[in-house]
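Before any comments, here is the structure.
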Amino acid sequence: MYSEWRSLHLVIQNDQGHTSVLHSYPESVGREVANAVVRPLGQVLGTPSVAGSESLLKTDKEVKWTMEVICYGLTLPLDGETVKYCVDVYTDWIMALVLPKDSIPLPVIKEPNQYVQSILKHLQNLFVPRQEQGSSQIRLCLQVLRAIQKLARESSLMARETWEVLLLFLLQINDILLAPPTVQGGIAENLAEKLIGVLFEVWLLACTRCFPTPPYWKTAKEMVANWRHHPAVVEQWSKVICALTSRLLRFTYGPSFPPFKVPDEDASLIPPEMDNECVAQTWFRFLHMLSNPVDLSNPAIISSTPKFQEQFLNVSGMPQELNQYPCLKHLPQIFFRAMRGISCLVDAFLGISRPRSDSAPPTPVNRLSMPQSAAVNTTPPHNRRHRAVTVNKATMKTSTVTTAHASKVQHQTSSTSPLSSPNQTSSEPRPLPAPRRPKVNSILNLFGSWLFDAAFVHCKLHNGINRDSSMTAITTQASMEFRRKGSQMSTDTMVSNPMFDASEFPDNYEAGRAEACGTLCRIFCSKKTGEEILPAYLSRFYMLLIQGLQINDYVCHPVLASVILNSPPLFCCDLKGIDVVVPYFISALETILPDRELSKFKSYVNPTELRRSSINILLSLLPLPHHFGTVKSEVVLEGKFSNDDSSTYDKPITFLSLKLRLVNILIGALQTETDPNNTQMILGAMLNIVQDSALLEAIGCQMEMGGGENNLKSHSRTNSGISSTSGGSTEPTTPDSERPAQALLRDY
């Protein structure tokens, strides 16, 4: 977007506005001068009886000389009152752009923009971490940030040059504190949320007053990419893009479009005077300010920033480096939060987002065991730049809003990947698609690259599949293989970054991956009748389904549950070629429905909701054997998911041969179901399939599939849990594909 523009990194790096003439003198000289000069000014401001009196400084020369001293004073240790006096004086003087007071020197009142620009550059010194990090520096930094907020909100006199200096000041102090690896309990950890919050708020105000030029946007994007190991960065980005999306949808689609409601606190971040064109332009730029969120799943990328490399080179021994960067272990949860934010953006454009009535985490099951404190719609719904996309997905949306990120990230809990689930009771209908929802292609053009990359995070692809540098291109060769590889990086990646040891990072990126998979399922289920979807998107989606529905050694339970929860209408959308994934869905249903306890899924989802979604998918599969009969299903990845040569899992099969498996799943589900609504659906499905079969016999439709009617094997109810991935049986049974239709019908 900004490739033609230069970054301002060198401008910031070469700017010496934060240095003082006292830096040329011995340290003892500078300290004595600063203590002597600043104390009278600070004491006047600190005494209420004389705080309103005129300033001691009368001329421009006096003010500039004093500012040189204050600039040096801001670099001193925090053991005395000097730094506090410096901060008090400067936070008082910058109010000359808001409401001039007698305590402010007259030259500052006459030329406020010029002096405030110099003051902002001097204040950078306060944010440089001290050896004796403590509450005093945090308190003074917060005082400055509050003054900056007041200045940006209330000043009507700020010139464009002052706005630009203010933006660069905020970028610089954020980069000073947030770019290096996080130190537990350090100033950066305590100030991260306030720092990034003030930066984004002031940036939005600047967009309204004087829209930043492309070099500023480019610099912000480059710098924010270096801060992404802080959870607060993704959280604040989510809040801003959420608020912008809410405004964007209102004026793009009008009052008839389902509103995306955000907390009043977040909505207030967008200045009321920001016009519609400015909202659209700002939204698109803020959307990409986080760069590629999938990078968060790769510690090698996050730790390759200059500040990380600088600290890595400073450590004495190689074995120590990972212990120095515990912040990298926060990445799985940060990655999930970023994916949840994008998921909410998609839902907003589909028209299916709505506020939660509670603060439950994404999975309804863990509502009692997981923190429920700060969960309010903090993830941003997505805005389209040219036209807002509103696709509503009925019955498949499982996550509309996200819980606020816990202040303390726990990596153990991130493995219990919160799968999105609608905040509703079991009998509550799910939101219907918005009639004006956009085309699937439109949404995927905007979010597809991120979502597909995230859906295949840490999946090792077969040699027949290649990914380019951005992991967005996949070749069309048919020989391919998916293998999950936990959260470990590939060997070549680890070699390129020796400070990353894959064994240090547990297998817990599934939460973000599951969120991406569920979001893609909702997008494809929003397809309208007769709508065309690009073959490239369809092929990648089917590859995603085949990988996510694995039930062998490479099963990923959060992803499997997310796909099932978000796919009930999938086979009712008339997706071209969707039948190729039928065998994989059947195998997944054979794992879920006959399992009474679902113990492997309980930590991710509500078992009742998972079973209900599975039953809905099963209902949509039941008519296929009668409809397609002896037509054989295509094999997408022949023989690539099983090492057993005798396995028929990846062999071409007829749809009619799937009928017994479907009926056995239905019977197994009935035997294990305890929910009344689910049981009613199963009984209704049984009635329908019996009536269909009776009608088939009545009209004399004999769909022969070859072979005789001898050696027919009766299928008992105990076979309902048989998976097609199991090896060949030693019993001399006749394969379903070689038996006549009437024999298959009689078996059940």
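The values are calculated or read from the model by the stated rules, or taken from the named source; none is laboratory data. Please read these numbers as outputs of a predicted model, since none were measured by experiment. Heads up, the Cβs are rebuilt from the backbone with ideal geometry, glycines too, and the neighbour counts pull from every protein chain shown. Only protein heavy atoms, including side chains, enter the accessible area calculation; ligands, DNA and RNA are left aside. Shrake-Rupley method; radii C 1.70, N 1.55, O 1.52, S 1.80 Å.
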Cleavage-rule hits, chymotrypsin sites (Phe, Trp or Tyr not before Pro), the range 1-89, DSSP coil, Cβ neighbours within 10 Å at most 15:
TRP5
Sulfur and carbon atoms: percent of accessible area, the range 168-229 [1.4 Å]:
48
Modelled FRET efficiency - R0 35 Å, SER539 with GLU277, Cβ distances, 0.05 increments:
0.40
Go through the range 265-277 residue by residue and turn each phi into a ³J(HN,Hα) via Karplus (6.51, -1.76, 1.60, θ = phi - 60°); whole Hz please, and just put x for glycine and proline.
4, 6, 4, 6, 5, 8, x, x, 7, 5, 7, 4, 5
Taking r as the C-beta separation of ARG139 and GLN671 and R0 as 60 Å, the FRET efficiency to the nearest 0.05 is 0.40
With a point put 7 Å past each Cα toward its Cβ, work out how far LYS439 is from ALA698 in nm, to one decimal.
4.3
Consider just the alpha-carbon atoms of the range 158-274 and return their Rg together with their Dmax, both in angstrom.
15.5, 49
For a Förster distance of 60 Å, can you work out the FRET efficiency between the beta-carbons of TYR25 and THR208, rounded to the nearest 0.05?
0.85
For the residue pair GLU634 and LYS576, what label-to-label distance in nm results when each label sits 7 Å from Cα along the Cα-to-beta-carbon direction?
1.0
I'd like the Karplus ³J(HN,Hα) series for the range 173-180: coefficients 6.51, -1.76, 1.60, θ = phi - 60°, whole numbers in Hz, and an x wherever there's a Gly or Pro.
5, 5, 5, 4, 8, 9, 6, x
Once you have a ≥ b ≥ c as the square roots of the Cα gyration tensor eigenvalues for the range 108-210, tell me rounded if a/c is under 1.5, and otherwise prolate or oblate according to whether a/b is larger than b/c.
prolate
Residue separation times 0.36 nm, minus the C-alpha to C-alpha distance between SER291 and HIS627: what's the value?
116.3 nm
Over the range 193-320, calculate the relative contact order: mean separation of alpha carbon pairs under 8 Å at least 6 apart, over the residue count, as a percent.
33
I need the trypsin sites (Lys or Arg not before Pro) found in the range 511-592, filtered to DSSP loop residues with at most 12 other beta carbons within 10 Å of theirs.
LYS576
Loop only per DSSP, at most 16 neighbouring Cβ atoms within 10 Å: give me the GluC sites (Glu not before Pro) in the range 15-98, ordered by residue number.
GLU54, GLU81
Once you put a point 7 Å from the Cα of GLN184 and another 7 Å from the Cα of SER268, both along the Cβ direction, what distance in nm separates them?
3.5
